[in-house]
Amino acid sequence: MRFVFLGLPGAGKGTQARILSERLGIPAISTGDILREHVQAGTRLGVEARTSMDRGEYVPDRLVVRMVEERLREPDAGKGFILDGFPRTVPQAQALEDALAELGTPLTAVVKFAISDRTAILRITGRYTCPVCKRTYHKELSPPETDLQCDFDATPLEKRSDEDELTVKRRLAIYRQQTEPLELFYWERGLLREVEAEGPKQEVTRAMLAAIEDVSA
Ligand SMILES: [Zn+2]
């Protein structure tokens with residue numbers, strides 16, 4: 001089972017990807033995490049990527065495509081995967097389609113998590129992330145039990161530099177322009193399924209499972 005998750009930042013893609021990953025025993029691959037690992041390790045790709053990330057812009061296609069293709073060749077992705085944060089542009093989607101066609105393993109479905117701009121801004125500007133396990137919290141909507149500490153590993157939570165209001169608004173504008181055309185791209189291929197994602201996490205999980213029931217049984 002090979003899935004792509006789409007949706008505005010703050011739509012809960014990462015959280016739902018983790019839930020589905022555990023359920024199906026396939027890895028949730030977040031390009032945000034792959035990128036941050038490259039940046040932290042100071043690889044050449046990472047150094048190049050960092051400039052764009054610091055400005056709240058997306059990293060150039062050729063860099064991201066290389067990182068993702070490398071990741072998909074790892075053995076744990078053989079049984080399937082959930083891609084979260086990739087593709088972000090039509091050229092990236094085309095590159096992914098070509099790579100998967102070569103392997104004879106096309107996508108199973110593309111799930112779009114739908115929220116309003118207002119919800120996206122509210123969720124992201126209050127968000128804190130655990131740098132170790134990548135779980136996210138929200139200062140009002142889902143606070144950790146102990147102030148600014150991860151519930152699972154007690155690591156101090158961090159605020160990402162691309163999550164202040166101005167940067168989030170820029171990310172939304174870029175999404176509209178570059179990523180929204182993907183919905184049509186996947187709809188034309190009969191792969192797109194839409195999930196209402198304004199509600200609480202458990203509700204979104206139920207809607208997601210219902211949306212892919214026919215292909216994940
Ligand atoms: Zn943690």
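So for the range 123-217, what percent of the C-alpha to C-alpha distances run longer than 21 Å? Can you show the working numbers first?
Numbers: 2405 of 4465 pairs.
Across the range 123-217, Cα pairs with separations above 21 Å total 54 percent.
Between residue 54 and residue 180, 0.36 nm times their residue separation minus their Cα-Cα distance comes to what?
Working: separation 126, 0.36 × 126 = 45.36 nm, distance 2.24 nm.
Once the chain is fully extended between residue 54 and residue 180, it gains 43.1 nm.
If the chain between residue 214 and residue 105 were fully stretched, how many nm would it gain, using 0.36 nm times the residue separation less the Cα-Cα distance? Let's see the in-between values first.
On the way: separation 109, 0.36 × 109 = 39.24 nm, distance 1.80 nm.
Difference between extended and current length: 37.4 nm.
Sort out for me the Cα centre separation of the range 160-215 from the range 6-27, rounded to whole Å.
Using only Cα atoms to place each centre, the spacing works out to 11 Å.
Can you list the cysteines of the chain that have no other Cys Cβ under 4.7 Å away?
133
What FRET efficiency, computed as 1/(1 + (r/R0)^6) with R0 = 30 Å and r the Cβ-Cβ distance, is obtained for residue 97 and residue 160, rounded to the nearest 0.05?
Values: r = 30 Å, r/R0 = 1.00.
After rounding, the FRET efficiency stands at 0.50.
For the range 83-88, what does the Karplus curve 6.51 cos²θ - 1.76 cosθ + 1.60, with θ = phi - 60°, yield as ³J(HN,Hα) per residue in whole Hz, taken in order and with x for Gly and Pro?
9, 10, x, 8, x, 10
Accessible area, 1.4 Å probe, largest first: how do 58, 137 sort?
Largest accessible area first, the list is 58, 137.
Taking a cut-off of 26 Å between Cα atoms, list the lysines near residue 169, but don't count ones fewer than 8 places away on the same chain.
13, 112, 134, 139, 159, 201
Quick check on the chain: what does the Kirkwood estimate of hydrodynamic radius come out to from the alpha carbon pairs, in Å?
Values: mean 1/r = 0.0563 Å⁻¹.
It is 17.8 Å.
Hey, got the dipole for the chain? About the Cα centre, +1 on K and R Cβ, -1 on D and E Cβ, debye to the nearest 20? Walk me through the intermediate numbers first.
Working: 31 positive and 35 negative charges, 43 e Å.
Roughly 200 debye for the chain.
Determine how large the accessible area of residue 169 is when every protein chain is in place; take a 1.4 Å probe and give Å² rounded to the nearest 10.
Here the accessible area works out near 100 Å².
Given a 1.4 angstrom probe, I'd like the percentage of the accessible area of the chain that is carbon and sulfur, rounded to a whole number. Mind dumping the intermediate values first?
On the way: 5760 of 11410 Å².
Of the solvent-accessible surface of the chain, carbon and sulfur hold 51 percent.
Pull out the extension gain between residue 141 and residue 196, defined as 0.36 nm times the separation in residues minus the alpha carbon to alpha carbon distance; nm, one decimal. It would help to have the intermediate numbers written out before the result.
On the way: separation 55, 0.36 × 55 = 19.80 nm, distance 1.79 nm.
That pair, residue 141 and residue 196, stretches by 18.0 nm at full extension.
Using amide H atoms built in the peptide plane, which far-off residues or other-chain residues are under 5 Å from residue 2 H to H?
Long-range HN contacts for residue 2: 81, 108, 109.
Would you check the accessible area of residue 193, probe 1.4 Å, heavy atoms only, in square angstrom rounded to 10?
50 Å²
Where nothing but the Cβ of Lys and Arg (+1) and of Asp and Glu (-1) is charged, how large is the charge dipole of the range 124-217 around its Cα centre, in debye to the nearest 20? Before the final figure, lay out each step's value.
Details: 14 positive and 19 negative charges, 61 e Å.
With Lys and Arg at +1 and Asp and Glu at -1, about 300 debye.
Rounded, prolate or oblate: which one fits the range 58-132, using the alpha carbon gyration tensor with axes a ≥ b ≥ c (rounded when a/c is under 1.5, else prolate when a/b beats b/c, else oblate)?
Judged from the Cα gyration tensor, the range 58-132 comes out prolate (a/c at least 1.5, a/b above b/c).
Suppose every Lys and Arg Cβ carries +1 and every Asp and Glu Cβ carries -1, with no other charges. What dipole size does the range 1-105 come out with about its Cα centre, to the nearest 20 debye? Intermediate values should be presented prior to the final figure.
Values: 14 positive and 15 negative charges, 40 e Å.
My answer is approximately 200 debye.
Which ³J(HN,Hα) values in Hz, rounded to whole numbers, follow from the phi angles of the range 174-190 under the Karplus curve 6.51 cos²θ - 1.76 cosθ + 1.60, where θ = phi - 60° and Gly and Pro get x?
Calculated HN-Hα couplings, in order: 5, 4, 3, 6, 9, 9, 4, x, 5, 4, 5, 3, 7, 4, 4, 8, x Hz.
Per residue of the range 148-164, what does 6.51 cos²θ - 1.76 cosθ + 1.60 with θ = phi - 60° give for ³J(HN,Hα)? Whole Hz please, x for Gly and Pro, Karplus curve as stated.
Each residue of the range 148-164 in turn: 6, 10, 5, 5, 8, 9, 6, 6, x, 6, 10, 9, 6, 5, 9, 10, 8 Hz.
The values are calculated or read from the model by the stated rules, or taken from the named source; none is laboratory data. No experiment lies behind these values; they were computed from the predicted model shown. Neighbour counts are summed over all protein chains in view; Cβ atoms, including those assigned to glycine, are modelled from backbone coordinates with ideal geometry. Ligands, DNA and RNA are stripped out before the accessible areas are found, and what is left, the full protein with its side chains, is counted by its heavy atoms. Shrake-Rupley method; radii C 1.70, N 1.55, O 1.52, S 1.80 Å.
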